[in-house]
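This report refers to the structure that appears directly beneath it.
The values are calculated or read from the model by the stated rules, or taken from the named source; none is laboratory data. Quantities reported herein were computed from a predicted structural model and do not represent experimental measurements. All Cβ positions, even for glycine, are placed from backbone atoms using ideal geometry, and neighbour counts span all protein chains on display. Heads up: the accessible areas ignore ligands, DNA and RNA and are worked out on the full protein's heavy atoms, side chains in. Shrake-Rupley method; radii C 1.70, N 1.55, O 1.52, S 1.80 Å.
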Amino acid sequence: MKQIVILISGRGSNMQALVKAQLPCRIAAVISNQPDAAGLAFAREHGIETAVLSHRDFASREDYDTALMGLIDRYQPDLVVLAGFMRILTAGFTRHYEGRMLNIHPSLLPAFKGLHTHQQALQAGVKLHGCTVHFVTAELDHGPIVSQAAVPVLAEDDESSLAARVLVEEHRLYPEAVRLFVENRLQMEADGRVRVAG
């Protein structure tokens, strides 16, 4: 059975969706860079080991990522899952987990990278918005796309209502993508293409 490590910074709602999906893998640990991340309590309540490594304790991004790699690798994960982990990762970190680290981003990439994606979508006047699961590479919100889900942008939408509609799709899409990986049906090829078996 494959092992996964999940990284969070806050409530970890996508982490919770992964736990509730009862995927055919073992969640070896949930790690946060924020000691007060609400998702840690949920993980503990479900018998999952947790750890905190605060970025504030390190002088540089490189030092933090090196320490984080050491912590993650103690669990020997087959897959690292970013679930609202609010850190820009160094190239060395992303190379170390190349092809075995997934992220979910609240937009239809390559549109609306970075933060405040729902606000960006509303300001752009798009008619469709959504979320994207992708393999993580050194370039922010740019890795090979695994899957996407779209929702309509309604005339009466504000940032909060649009975010809520997208989040429903995130909670459906992410467990599906992680399931493909742990069932050996998903991989990133050497040329950066995503292959899904079956």
| task | Using a 1.4 Å probe and ignoring any ligands, DNA or RNA, find the accessible area of ASP78 and quote it in Å² to the nearest 10. | result | 60 Å²
| Rounded to the nearest whole Å², what accessible area per residue is found for region 40-145 with the 1.4 Å probe? | 49 Å²
| remark: Residue by residue through region 79-89, the couplings from Karplus 6.51 cos²θ - 1.76 cosθ + 1.60 with θ = phi - 60°, in Hz, x for Gly and Pro, are 9, 10, 10, 8, 10, x, 8, 8, 9, 7, 8
| query | Taking a probe of 1.4 angstrom, what is the accessible area of ILE6 in Å², to the nearest 10? | reply | 0 Å²
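Hydropathy first: keep DSSP H helices in the chain averaging at least -0.5 on Kyte-Doolittle, then drop any whose Cα extent along the axis falls short of 27 Å, and list what survives.
159-182
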| So, with a 1.4 angstrom probe, what is the percent of accessible area on the chain that is carbon and sulfur? | 50 percent
| request: Indicate, rounded to the nearest 5 percent, the antiparallel portion of the DSSP beta bridges found entirely in the chain. | output: 45 percent
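Where nothing but the Cβ of Lys and Arg (+1) and of Asp and Glu (-1) is charged, how large is the charge dipole of the chain around its Cα centre, in debye to the nearest 20?
420 debye
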| request: Report, by chain and number, residues whose modeled amide H sits under 5 Å from the one on THR137, excluding near sequence neighbours (fewer than 5 apart, same chain). | output: HIS142, GLY143
| task | Answer with a single label: of [x] 181; [y] 122; [z] 138, which was calculated as volume of the Cα convex hull per residue in Å³ from the structure in view? | result | [y]
| message | Rounded to the nearest 10 Å², what accessible area does PHE112 have for a 1.4 Å probe in the complete protein model? | response | 40 Å²
| remark: For LYS127, the aspartates and glutamates lying under 20 Å Cα to Cα, once residues fewer than eight places off in the same chain are dropped, come out as GLU156, ASP157, ASP158, GLU159, GLU169, GLU170
| query | Can you give the helix-only mean residue ellipticity at 222 nm for the chain, where every DSSP H stretch with n ≥ 4 adds -39500 (n - 2.57) and the sum goes over all residues, rounded to the nearest 500 deg cm²/dmol? | reply | -10500 deg cm²/dmol
| query | Can you list the residues, at least 5 places off or on another chain, whose amide H is less than 5 Å from the amide H of VAL151, using H built in the peptide plane? | reply | HIS129, GLY130
